[in-house]
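Accompanying notes for the structure given below.
The values are calculated or read from the model by the stated rules, or taken from the named source; none is laboratory data. Worth saying up front: this structure is predicted, and the values here are computed from it rather than measured. Because the Cβ atoms are built from the backbone with ideal geometry, glycine has one as well, and the counts that use them run over all protein chains shown.
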Amino acid sequence: MNQEWRIGKGGFVGKDAALAYADSYNPTLVSEGKTLVFISCNEEIVGVLALTDIVQKEAQKTIESLHALTIKTIMITGDSQHTADTIGKELGIDSVIAECLPENKVTHLLALQQKYGAIAMIGDGINDAPALANADVGIAMGEGTDIAIEIADVILMKNDLSKLIFALKLSKKLHRITWQNIIFSFCVIGFLILSNFFQIINLPFGVIGHEGSTILVILNGLRMLQIKA
C-alpha cells in the first residue's frame, strides 16, 4: 500500500539510478538503438523496457526519392541521441536532432526555416502538433492523432509515405504547366493585339487564333493525367 510507481524516461524516474540500472542490466540495450523506459517503485528502479522502432521499407524509399529531388531530410525526435542516430543512419537521413520536447521542436523548426527557407514537417503525434502548425507545410499521417490531422495542411491517407513523393511530383508538374499556359496565353493575346493594331489579320482569323490558343492550353493541361501514383 501507498507505493509510488513511475514509468518513463530516466529523467522522470531518476536519471543517475536509471543509467546505472540499465548498464548493469544489459549494456547493449542503448548501443542497439533501443529506447529505454524505466519502471520505479518508491524511487527504486525495478525494471526497464527496451523499445525499438521498426523502419518501414516505404520510409527508406521515400527518403531516397527526396534525396534524388535534392531535398534535405532532417529528423526531429524526442528519442535519445543514440536511438535517433541509429534510426537516422538506417533510413539514410541527412541529420538528426534528438531529445526534443514539443516546444524544442518548434524552436529547431524556426531555426531551420531561417537557414534553409521553406520547411515541410511530417508528423502524426500530439508532440508534433506545435511544429506542424509552425511549418510552411504541415503534413500529417492519416492514422495520426486528431490534433495533428486538424492542424496539418496535407494529410497522407493510409499512412503511405510514398504518396508524399507522388504529391510532390504532381505539384511540380502543375507549377510548370500553369506557367507554360500563362506565358503562352499572354504571347497569343499580345500577338493578336499587335496584329489588330497593324491590321495584319482580320477579325475572323483573330477569333480563330484566340479560341485555338484556348484549346492548346486545355490540351497542355491534360498532360497532368500522365503522372501515375
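General observations
- Against the conditions (1) within 21 Å of the chain's Cα centre (by Cα); (2) surrounded by 13 or more Cβ atoms within 10 Å (Cβ to Cβ), residue 172 satisfies every one except (2).
- Which numbered condition residue 178 misses (of (1) hydroxyl-bearing (Ser, Thr, Tyr); (2) surrounded by 14 or more Cβ atoms within 10 Å (Cβ to Cβ); (3) more than 23 Å from residue 62 (Cα to Cα)): (2)
- Selection status of residue 192, within 28 Å of residue 65 (Cα to Cα), in contact (Cβ under 8 Å) with a residue 12 or more places away in the chain and surrounded by 13 or more Cβ atoms within 10 Å (Cβ to Cβ): no
- Looking across the range 134-162, the residues that are in a helix (DSSP H, G or I) and over 30 Å from residue 227 (Cα atoms) come down to 134, 146, 147.
- Checked against (1) modelled with pLDDT of 80 or more; (2) more than 16 Å from the chain's Cα centre (by Cα), residue 77 passes all but a single condition, namely (2).
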